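Let me begin by presenting the structure, written as structure tokens, before commenting on it.
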Amino acid sequence: MDYRFEVAVIPVSDIDRAIHFYQALGWRFDAEFADDEGYRLVQFTPPGSPASIIFGSGVTDAEPGSTEGLHLIVSDVVAAREDLVSRGVEVSEVFHDKTGVFHHAGTTARVSGTDPQRTSYGSYASFSDPDGNGWVLQEVTTRLPGRV
């Protein structure tokens, strides 16, 4: 039995502002559904991703901006950061973690620059959407065994 991750629900305070932000990132606008009772759902998909995000009204009770650690896997974190900056997104500098394993929460243990050996899974940059939902770019050049 396959279990494929399909959607992450992101809490936002202003649906139209979120639509503008994710469109500016170059993400594909997939769908929008609404009813007469205030329910509204919007779906976007990052380029090259099989998984999407959903936000809107009536889709989550979570506080806007409370989602952290959403990872976008990229083949070149420096180029991905430059792309986002060119789209007007405020992105952290590229960093790696002092442990060389995985990044710590927040900005604890961040070391400026790419991983010195540029190992796969070792370099990051981060940004937030207008509500503060946190995204991490993670450079992956060689997948772990069994990963596609």
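Restricting attention to the stretch 17-60, which residues are among the aromatic types (F, W, Y) and either touching a Gly at 6+ places or on another chain (Cβ under 9 Å) or surrounded by 13 or more Cβ atoms within 10 Å (Cβ to Cβ) (or both)?
Restricting attention to the stretch 17-60, the residues satisfying the condition of being among the aromatic types (F, W, Y) are 21-22, 27, 29, 33, 39, 44, 55.
Residues satisfying the conditions are F21, Y22, W27, F33, Y39, F44, F55.
Taking only pairs six or more apart or across chains, which ones have beta-carbon atoms under 6 Å, a first residue in the stretch 59-84 that is closer than 17 Å to R17 by Cβ, and a second residue that is open to solvent by 50 Å² or more (accessible area, probe 1.4 Å) and of a type outside the set (S, T, Y)?
V59/V9; T60/V9
Output the residue which, of all residues in the stretch 74-107 that are touching a Lys or Arg at 6+ places or on another chain (Cβ under 9 Å) and open to solvent by 60 Å² or more (accessible area, probe 1.4 Å), is modelled with the lowest pLDDT.
Checking each candidate, the answer is H104.
If you go through the stretch 1-16, how many residues are in a helix (DSSP H, G or I) and open to solvent by 50 Å² or more (accessible area, probe 1.4 Å)?
Kept after step one, since they are in a helix (DSSP H, G or I), are these residues of the stretch 1-16: 15-16.
Going one step further and asking which of them are open to solvent by 50 Å² or more (accessible area, probe 1.4 Å), we end up with 16.
Matching residues across the stretch 1-16 total 1.
Failed condition for R110, given (1) open to solvent by less than 50 Å² (accessible area, probe 1.4 Å); (2) in contact with a Phe, Trp or Tyr (Cβ under 7 Å, 6 or more places away or on another chain); (3) modelled with pLDDT under 95; (4) not hydrophobic (A, V, I, L, M, F, W, C), with all others met?
Going through the list (1) open to solvent by less than 50 Å² (accessible area, probe 1.4 Å); (2) in contact with a Phe, Trp or Tyr (Cβ under 7 Å, 6 or more places away or on another chain); (3) modelled with pLDDT under 95; (4) not hydrophobic (A, V, I, L, M, F, W, C), R110 breaks only (1).
Please work out if T142 is in contact with a Ser or Thr (Cβ under 7 Å, 6 or more places away or on another chain), open to solvent by less than 50 Å² (accessible area, probe 1.4 Å) and of a type in the set (S, T, N, Q).
On the way: in contact with a Ser or Thr (Cβ under 7 Å, 6 or more places away or on another chain): yes; open to solvent by less than 50 Å² (accessible area, probe 1.4 Å): no; of a type in the set (S, T, N, Q): yes.
Considered against the rule, which asks whether it is in contact with a Ser or Thr (Cβ under 7 Å, 6 or more places away or on another chain), open to solvent by less than 50 Å² (accessible area, probe 1.4 Å) and of a type in the set (S, T, N, Q), T142 comes out as no.
Please work out which residue is nearest to the chain's Cα centre (by Cα), limiting yourself to the stretch 95-125 and to residues that are over 17 Å from D76 (Cα atoms) and of a type in the set (S, T, N, Q).
That would be T107.
How many residues does the stretch 113-128 contain that are open to solvent by 50 Å² or more (accessible area, probe 1.4 Å) and among the hydroxyl-bearing types (S, T, Y)? Please lay out each step first, then the result.
Quick first cut of the stretch 113-128, residues open to solvent by 50 Å² or more (accessible area, probe 1.4 Å) only: 116-119, 128.
Next, only the ones that are among the hydroxyl-bearing types (S, T, Y) stay: 119, 128.
Residues in the stretch 113-128 being open to solvent by 50 Å² or more (accessible area, probe 1.4 Å) and among the hydroxyl-bearing types (S, T, Y): 2 in total.
The values are calculated or read from the model by the stated rules, or taken from the named source; none is laboratory data. Because the structure is predicted, anything quoted here is derived from the model rather than measured. We place every Cβ from the backbone using ideal geometry, glycine too, and count neighbours over all the protein chains shown. Please note that ligands, DNA and RNA were not included when accessible areas were found on the heavy atoms of the full protein model with its side chains. Shrake-Rupley method; radii C 1.70, N 1.55, O 1.52, S 1.80 Å.
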